[in-house]
Amino acid sequence: MKAYPFLECVRATNPLVHHITNRVTIYDCAQVVKSLGASPVMAHAPE
(Lines give C-alpha, C1' and ligand atoms only; values in the text may rest on other atoms or scores of the structure.)
Protein backbone atom coordinates (compact mmCIF):
# COMPACT_ATOMS: atom_id res chain seq x y z
CA MET A 1 0.00 0.00 0.00
CA LYS A 2 1.34 3.39 -0.95
CA ALA A 3 0.62 6.38 1.27
CA TYR A 4 1.01 9.12 -1.33
CA PRO A 5 -2.43 8.65 -3.00
CA PHE A 6 -4.11 8.82 0.40
CA LEU A 7 -2.18 11.94 1.35
CA GLU A 8 -3.17 13.57 -1.94
CA CYS A 9 -6.82 12.75 -1.23
CA VAL A 10 -6.65 14.26 2.26
CA ARG A 11 -5.00 17.42 0.96
CA ALA A 12 -7.54 17.73 -1.87
CA THR A 13 -10.59 17.35 0.38
CA ASN A 14 -9.25 19.07 3.54
CA PRO A 15 -11.46 17.07 5.94
CA LEU A 16 -12.45 18.29 9.38
CA VAL A 17 -11.10 15.91 12.04
CA HIS A 18 -12.70 16.01 15.49
CA HIS A 19 -10.41 15.08 18.39
CA ILE A 20 -11.59 14.25 21.88
CA THR A 21 -8.41 14.74 23.82
CA ASN A 22 -6.91 16.14 26.99
CA ARG A 23 -5.17 19.49 27.47
CA VAL A 24 -1.70 17.94 27.33
CA THR A 25 -1.93 16.56 23.78
CA ILE A 26 -4.07 19.18 22.06
CA TYR A 27 -1.20 21.00 20.35
CA ASP A 28 0.56 17.83 19.18
CA CYS A 29 -2.60 16.27 17.77
CA ALA A 30 -3.53 19.47 15.96
CA GLN A 31 -0.08 19.82 14.41
CA VAL A 32 -0.09 16.24 13.09
CA VAL A 33 -3.50 16.67 11.47
CA LYS A 34 -2.57 20.06 10.00
CA SER A 35 0.69 18.71 8.60
CA LEU A 36 -1.27 16.03 6.75
CA GLY A 37 -3.56 18.62 5.18
CA ALA A 38 -6.70 18.29 7.30
CA SER A 39 -8.33 20.73 9.71
CA PRO A 40 -8.48 19.85 13.40
CA VAL A 41 -11.29 20.53 15.87
CA MET A 42 -10.27 19.99 19.47
CA ALA A 43 -12.50 19.18 22.46
CA HIS A 44 -11.80 18.37 26.11
CA ALA A 45 -14.89 16.22 26.63
CA PRO A 46 -17.42 14.31 24.48
CA GLU A 47 -20.23 16.74 25.22
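On the stretch given as the range 22-41, residues that are of a type in the set (A, V, I, L, M) and touching a residue at least 24 places away in the same chain (Cβ under 8 Å) total 3.
Inside the range 1-25, residues that are in contact with a strand residue (DSSP E or B) (Cβ under 6 Å, 6 or more places away or on another chain) and modelled with pLDDT under 90 make up a count of 2. Checked against the criterion of being aliphatic (A, V, I, L, M), surrounded by 13 or more Cβ atoms within 10 Å (Cβ to Cβ) and either out of contact with any Gly (no Cβ under 9 Å at 6 or more places or on another chain) or at negative phi (or both), the candidates Val24, Val41, Val10 yield just one match: Val10. Would you mind stating whether Ala30 is loosely packed, with under 11 Cβ neighbours inside 10 Å and not in a loop (DSSP other than H, G, I, E, B)? No: the conditions fail for Ala30.
The values are calculated or read from the model by the stated rules, or taken from the named source; none is laboratory data. What you see is a predicted model, and the numbers here were worked out from it, not measured in a lab. Quick reminder, even Gly has a Cβ in these numbers, built from the backbone with ideal geometry, and neighbours come from all protein chains shown.
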